[in-house]
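The values are calculated or read from the model by the stated rules, or taken from the named source; none is laboratory data. Just so it is clear, the model here is predicted, and its values are computed rather than measured. All Cβ positions, glycine included, derive from the backbone under ideal geometry; neighbour counts span all protein chains shown.
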């Protein structure tokens, strides 16, 4: 199964991610 | 004897035909893979080889929903106590499940695999990050993330799907900005903002409940009945528009910066999706009309706020079958 987030944010929103990385619920996805 | 052998030959011929075509197709796929590896070794960038229309059509013709429901029925069969530990231990070993994080570690407590699949975690197992406004709603693997461009979202690098097909028509809000033409621009409510996306793949051994990724208000639910093809990364690289074919539940609403949505996409072994605050939602039911979707608004006269969700709050779960 898959979860897809699609959201609006200001231009300076940055992701704290790398494609292919494992992630746990509660860990940071991104912020301003 | 002659008639009997002819009858057997006639019966066996389709089997040979199937084996022949299947073998030929497997060989063709192997050769394509070999060519891609050679190009990669030469340092050439290869565009992902997406499936041809006829390959998608054949895959879509597989009764994945029926298989999924049968798989779900099988996993609801209560296991005798003595069989629980060996069965769940095999599952734990196969998919690398970490039972130390589970709220209930004693395998005998789970009556069937479906219950085991829906296991909860110890509260302290997943601390919620306070310093970031968006957190991961689930355990899994990041397939792709980034800015949405030209109304296309990437399911994996280089393979896209249409934002409008995925979310459906924008009927969840009345005050559509008429001036904006493209579907994507209509989603963005504040000047200067962008649209972002993040795709998280949950593997079979992962914890399969999902939580609220931020502080937001959920106004609307749209349930798309559909196929239940596998969504593992290999298939997501192969079938363009995969997420638009599959059964899914789209939750839309708003957060501090404007539009926000979370979509749970089902798969063959995990055909059912539950949203804890939406008891009317029925997924993976036998009958549905292709291309349909059914909507539910959580905004009512005496509840203009819809469903208020705090970051990290339990939101729903995927179930087997």
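Working only within the range B:116-138, note down all residues that are part of a loop (DSSP other than H, G, I, E, B) and buried (at least 17 other Cβ atoms within 10 Å of the Cβ).
Scanning the range B:116-138 gives B:119, B:126, B:128, B:129, B:132, B:133, B:136, B:137, B:138.
Among the residues in the range B:106-117, are any under 21 Å from residue B:233 (Cα atoms) and either touching a strand residue (DSSP E or B) at 6+ places or on another chain (Cβ under 6 Å) or in contact (Cβ under 8 Å) with a residue 60 or more places away in the chain (or both)?
Looking for residues that are under 21 Å from residue B:233 (Cα atoms) and either touching a strand residue (DSSP E or B) at 6+ places or on another chain (Cβ under 6 Å) or in contact (Cβ under 8 Å) with a residue 60 or more places away in the chain (or both), one finds at least one in the range B:106-117, hence yes.
Which is buried (at least 17 other Cβ atoms within 10 Å of the Cβ), at pLDDT 95 or above and more than 23 Å from residue B:132 (Cα to Cα), of B:211, B:220? Steps first, please.
Values: B:211 fails: more than 23 Å from residue B:132 (Cα to Cα).
Just a single option satisfies the conditions, and that option is B:220.
Residue B:137: in contact with a strand residue (DSSP E or B) (Cβ under 7 Å, 6 or more places away or on another chain) and either at pLDDT 95 or above or more than 23 Å from residue A:6 (Cα to Cα) (or both), yes or no?
Values: in contact with a strand residue (DSSP E or B) (Cβ under 7 Å, 6 or more places away or on another chain): yes; either at pLDDT 95 or above or more than 23 Å from residue A:6 (Cα to Cα) (or both): yes.
Against the criterion (in contact with a strand residue (DSSP E or B) (Cβ under 7 Å, 6 or more places away or on another chain) and either at pLDDT 95 or above or more than 23 Å from residue A:6 (Cα to Cα) (or both)), residue B:137 qualifies.
Out of all the residues in the range B:185-205, is one or more more than 12 Å from chain A (Cβ to nearest Cβ) and touching a residue at least 12 places away in the same chain (Cβ under 8 Å)?
Of the residues in the range B:185-205, the ones more than 12 Å from chain A (Cβ to nearest Cβ) are none.
No, the range B:185-205 contains no residue that is more than 12 Å from chain A (Cβ to nearest Cβ) and touching a residue at least 12 places away in the same chain (Cβ under 8 Å).
Any residue at all in the range B:236-246 that's assigned to a loop (DSSP other than H, G, I, E, B), touching a strand residue (DSSP E or B) at 6+ places or on another chain (Cβ under 6 Å) and farther than 30 Å from residue B:92 by Cα?
The answer is yes, given that some residue of the range B:236-246 is assigned to a loop (DSSP other than H, G, I, E, B), touching a strand residue (DSSP E or B) at 6+ places or on another chain (Cβ under 6 Å) and farther than 30 Å from residue B:92 by Cα.
In a strand (DSSP E or B) and surrounded by 15 or more Cβ atoms within 10 Å (Cβ to Cβ) - does that describe any residue in the range B:174-191?
no
Within the range A:1-17, how many residues are in a loop (DSSP other than H, G, I, E, B) and more than 7 Å from every other protein chain (Cβ to nearest Cβ)?
1
Determine, yes or no, whether residue B:233 is under 20 Å from the mean Cα position of the chain (by Cα) and more than 27 Å from residue B:290 (Cβ to Cβ).
No, not satisfied.
Test residue B:62 against the stated conditions and say whether it is under 30 Å from residue B:157 (Cβ atoms) and modelled with pLDDT of 80 or more. Let's see the steps before the verdict.
On the way: under 30 Å from residue B:157 (Cβ atoms): yes; modelled with pLDDT of 80 or more: yes.
For residue B:62, the condition - under 30 Å from residue B:157 (Cβ atoms) and modelled with pLDDT of 80 or more - is met.
Hey, could you check the range B:258-282 for residues that are buried (at least 22 other Cβ atoms within 10 Å of the Cβ) and part of a loop (DSSP other than H, G, I, E, B) and say which is farthest from the other protein chains (Cβ to nearest Cβ)?
B:271
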